[in-house]
Amino acid sequence: MDRCIVLVDAGYLLGAAASLLAGEPSRSRITVDHTALIQALRERAEADTERPLLRIYWFDGAPDRVPQPEHRRLRVMPRVTVRLGALTRSDGRWAQKGVDAAMHAELTELARNRACSDVVLVTGDGDLLPGMMAAKEHGVAVHLWAVQAADGDYNQSEDLVAEADERRVLDRTWITQAVRAKELTGICAPPPVPRPEIAAILSAPLPESALGTATERPAEEGEHAPAAAGSQNGAQERGPATKGVPTPKDLAALRAPGAQPVQHPATATLRWSSDKGWVDRPGVPAEPPEAASMPTLAQLTTAEQRWADREEDITTVGGDPYEVGQVFARRWISRLGDQSHLQRLSAMYPRIPHRIDGELLRYAARFGLLAHKDDQIDEHDRYAIRAGFWREIDVPTAAEQAPAGE
């Protein structure tokens, strides 16, 4: 068949691009416009081979082979097929497993079935040499593309280079059509600055009996304390605590029979929300009856809206936990028929009703936010997801409560 196919080792392509543009092979140091990159690969392949493109195969690694947001966007692009291998951590470094084997199998199968006349390989791994030789034996012309090396030397197996029918180097000018180095203020990347909403959640005061040595103190008049989430949700914040946030288990122990009562200042507001909602324990108030009557997002969503939501998740929504919480809340608010549910939910802050909270976390799990241990979402990510959720809930609630004319 007079068509060309492109097989891309994403680890090689983006790692080499990061080395060229940012000085180190970490993909976190670059931003990639995948739409522009796929278009540039297609145009260059068709120009070099003088054949129309059949398909681009994108081979990459992912933790537990779960598609990440970039893979979800790539999968819905025309003429793009994503193949995922495993991504494992060894000796503090991430390594792809199974990607080379998948590329080898795809290359030999395409050549054996005469699916194309030309194949473009964007890789540097010598493990693909047998596949390249098998493709040539089936009459397929093999084009090997390299990314310009930062030091001007080869970043590909010499055996691959020797066996290829044609070779091209993708230089800095071509790479920068779709890839940019992230701007840094110093030699090293600055530590991430937490959003004020998340900082406010993590700054909750702790009961002394829960942690033994933790002490609470009111914020000094001139002290700057994170107050974004508190001011947005109608609750006053205190100064930063000396320890982490108490868990529902900590609080249950405080309220157990025989436990010493703990006096909290009137301004102390706990900034956590359990993924099990309210729990039925002695001394702990049960979930309010109105919480059970609140509709879930699934109940409010039509089949047409569900389809549109999936399209938006794939093409628009990134994997940022805070953004995921915002998207979920916006959809829930926009589809509520009875807006009184919004007022009731706002009054329950910071706890989210069990059914809605569970649905929120299941939605977040689609974006690869599950930690590898016990398939649980990271604690900080849970805070961020719920902070994004409450930020969206608070905006319409505050607007409705504002006096007319403001």
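The values are calculated or read from the model by the stated rules, or taken from the named source; none is laboratory data. As the structure is a computational prediction, the values presented were derived from the model and not from experiment. Positions of Cβ are backbone-derived with ideal geometry, glycine not excepted, and every protein chain shown enters the neighbour counts.
Can you tell me which of (1) in contact (Cβ under 8 Å) with a residue 40 or more places away in the chain; (2) in contact with a strand residue (DSSP E or B) (Cβ under 8 Å, 6 or more places away or on another chain) is the one MET132 doesn't meet?
All conditions are met except number (1).
Kindly provide the set of residues from region 303-344 that are among the hydroxyl-bearing types (Ser, Thr, Tyr) and over 17 Å from LEU360 (Cα atoms), ordered by number.
THR315, THR316, SER340
Answer yes or no as to whether ALA150 is closer than 22 Å to ILE175 by Cα, in contact (Cβ under 8 Å) with a residue 60 or more places away in the chain and in contact with a Gly (Cβ under 8 Å, 6 or more places away or on another chain).
yes
For region 135-184, how many residues meet the condition of being of a type outside the set (S, T, N, Q), closer than 15 Å to GLY15 by Cα, modelled with pLDDT of 90 or more and part of a loop (DSSP other than H, G, I, E, B)?
Number satisfying all stated conditions: 2.
Is it fair to say ARG89 is surrounded by fewer than 19 Cβ atoms within 10 Å (Cβ to Cβ) and within 15 Å of ILE5 (Cβ to Cβ)?
Values: surrounded by fewer than 19 Cβ atoms within 10 Å (Cβ to Cβ): yes; within 15 Å of ILE5 (Cβ to Cβ): no.
Judged against the criteria, ARG89 is not a match.
When the residues of region 21-38 are narrowed to those that are touching a helix residue (DSSP H, G or I) at 6+ places or on another chain (Cβ under 6 Å) and hydrophobic (A, V, I, L, M, F, W, C), which ends up nearest to LYS182 (Cα to Cα)?
This residue is ILE30.
Of all helices (runs of 4 or more DSSP H) completely enclosed by region 252-357, which ones contain at least 1 residues that are modelled with pLDDT under 85 and surrounded by fewer than 17 Cβ atoms within 10 Å (Cβ to Cβ)?
Answer list for region 252-357: 289-292, 303-315, 340-347.
Take ASP60 and decide whether it is touching a residue at least 24 places away in the same chain (Cβ under 8 Å), crowded, with 20+ Cβ neighbours inside 10 Å and among the acidic types (Asp, Glu). Break it down into steps so the answer makes sense when it comes.
Numbers: touching a residue at least 24 places away in the same chain (Cβ under 8 Å): yes; crowded, with 20+ Cβ neighbours inside 10 Å: yes; among the acidic types (Asp, Glu): yes.
It is true that ASP60 is touching a residue at least 24 places away in the same chain (Cβ under 8 Å), crowded, with 20+ Cβ neighbours inside 10 Å and among the acidic types (Asp, Glu).
If ALA16 satisfies all but one of (1) surrounded by 19 or more Cβ atoms within 10 Å (Cβ to Cβ); (2) at pLDDT 95 or above; (3) closer than 16 Å to VAL147 by Cα, what's the number of the condition it fails?
Exception for ALA16: condition (2).
Which of the following residues is aliphatic (A, V, I, L, M), farther than 25 Å from ARG172 by Cα and more than 22 Å from the chain's Cα centre (by Cα): LEU84, LEU54, LEU41?
Result of the check over LEU84, LEU54, LEU41: LEU54.
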